[in-house]
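Visitor: Please find one structure pasted underneath; my questions will follow.
Values quoted throughout were computed directly from the atomic coordinates according to the rules given, and no laboratory measurement underlies them. Keep in mind the model is a prediction, meaning the values are calculated, not measured. All Cβ positions, glycine included, derive from the backbone under ideal geometry; neighbour counts span all protein chains shown.
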Amino acid sequence: MGAVTSSRAVRLRAAVRRVPRALYEELWAAPADRVPRSGEPDAPVWRPSLLVLLVIAAACFAVPRTNELTADAPGGVSGWAVLAALAQSAALVAGMIRPVGAWWVATALSVTTVLVTEPVMSPDRLFPWSIMGMVFQGGALFLLALRVPLRRSVGALALTLLAGMALTLHQTQRHNLDLDRSAPVFIVALALGTALRSLRLARKDLVVQVELTAEEQARRTLLEERNRIARELHDVVAHHMSVISIQAQVAPHLVEHPTEELRENLTGIRENALEALTELRRVLGVLRSEDAPPQSARHAPQPGLDGLDALLATVRSAGLAVTRSTTGDPRPLPPGVELSAYRIVQEALSNVMRHAPSASAEVVIGHRPAGLTVRVVNSPPDRPAAPSPGVRHGLLGMRERAAMLGGDLATGPTPDGGWEVTAILPTRTETTEDAP
């Protein structure tokens, strides 16, 4: 039992020792809310007018408060009361800028003034807070509650009430005590300030939410516009690819005796057009809400390294001599890496066919512990290529695919006059490698 009592006493002493530190942090060191500037979302519309009213009220309150406190008082006390009233008026005005310090000054001046004037104060007057004292102290609490959280303003209110109770215990004569009337005034002032602070913060949060909503709306508008462009692109390209496919299918019937080579070329044109059309619909078709692709098309697998043989066969049928080799130990790769490798090879070979007539190409797939290396090299062309119309985005697209995986892409001429494309595609990021 004695040990329990001793433990409680130790905890109580520790709590008492923490009180000064807590008071210092809550009611002095911690900053108050920044004064909102005119034009800011949370700037109160009443702030300038309230400041003017406080200045006028402070000047008007100084005289009646002095008369109230110094009635029938010696000259020295009367002079002190005048100075205290003016100081409290200035503290009330300063509370708009420094509410915490102003509350401390107002409280200290009120307590000091009551202690000085109490021996000569009329017993009929309110004690310890006169009417003007309630106004000054309530105003200081109001300005404090406007700028600090409720926890801190409640602490200031508790200290104010404790100061009033302490003053009633040190009276030298009988007075008209008013703690039961001053406490509700202080509580109302604090509640009003807290409510206005909450309203200001709510307005600020609302403005921030409106800004976020506007940004989200702008982003959605941009996405909708991009989707619309993608749908139009789908419709236009799909139309032309369909026309190419139909023309390639009908062309042999327009020739009296088509050769076998012509039939094979036209068949290859039609198959390439249909394959391009299928991939275009697979990528962009989901954007068309009114004409969604079938379930099988939505879940069709993306091409990977296992589709390179078919791609090279198609390229060879178009007249490009291309070889393929593999280095390293093949192993399963992430789908994104395989898809990017396939697309880079596809675009690189397309560039060879467009810009290097009669050239040959070599595709090298290198498997490394940290990723995959894709290298496409073509020999020099035997003649200048015809200029291709339109804006070319092939190299940019390959760089974006490599960068998306955290890799790199290098392109440039070879010493013999050809062209080389080398992509390094990592299979894991640095974060994954360093993770324990």
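Visitor: For Thr427, enumerate residues with amide H under 5 Å from its amide H, sequence gap 5+ or separate chain, H modeled in the peptide plane.
Guide: Under 5 Å from the amide H of Thr427: Gly371, Leu372.
Visitor: If packing is taken as the average count of other Cβ atoms within 10 Å, what order do 155-166, 302-313 fall into, highest mean first?
Guide: Top of the packing list down: 155-166, 302-313.
Visitor: Given R₀ = 30 Å, what would the calculated FRET efficiency be for Arg8 paired with Ala158, taking r from the Cβ atoms and rounding to 0.05?
Guide: Computed FRET efficiency for Arg8 and Ala158 comes out at 0.80.
Visitor: Could you work out the local net charge near Ile244, counting Lys and Arg as +1, Asp and Glu as -1, over the other residues with Cβ closer than 14 Å to its Cβ?
Guide: Summing Lys/Arg as +1 and Asp/Glu as -1 gives -1.
Visitor: In nanometres, what is the gap between the two model label sites at Ala321 and Glu400, each 7 Å from Cα along Cα-to-Cβ?
Guide: Output for this residue pair reads 3.6 nm.
Visitor: Ser198 versus Arg98, label points 7 Å from Cα toward the beta carbon: distance in nm?
Guide: Roughly 3.0 nm, to one decimal.
Visitor: Skipping prolines and chain starts, which residues have an amide H placed within reach, meaning under 5 Å, of the one on Ser360, given they are 5 or more residues away or on another chain?
Guide: Ser379
Visitor: Ranking request for peptides 84-90, 127-133, 251-257: highest mean number of other beta-carbon atoms within 10 Å first, then the rest in descending order.
Guide: Output ranking for 84-90, 127-133, 251-257: 127-133, 84-90, 251-257.
Visitor: What residues from region 97-134 fall in the zone where the backbone N is under 13 Å from a label point 7 Å along the Cα-to-C-beta line of Leu177?
Guide: Residues 127-129 qualify, since their backbone N sits under 13 Å from the label point.
Visitor: Ok, one more. Given R₀ = 41 Å, what would the calculated FRET efficiency be for Arg151 paired with Arg220, taking r from the Cβ atoms and rounding to 0.05?
Guide: After rounding, the FRET efficiency stands at 0.55.
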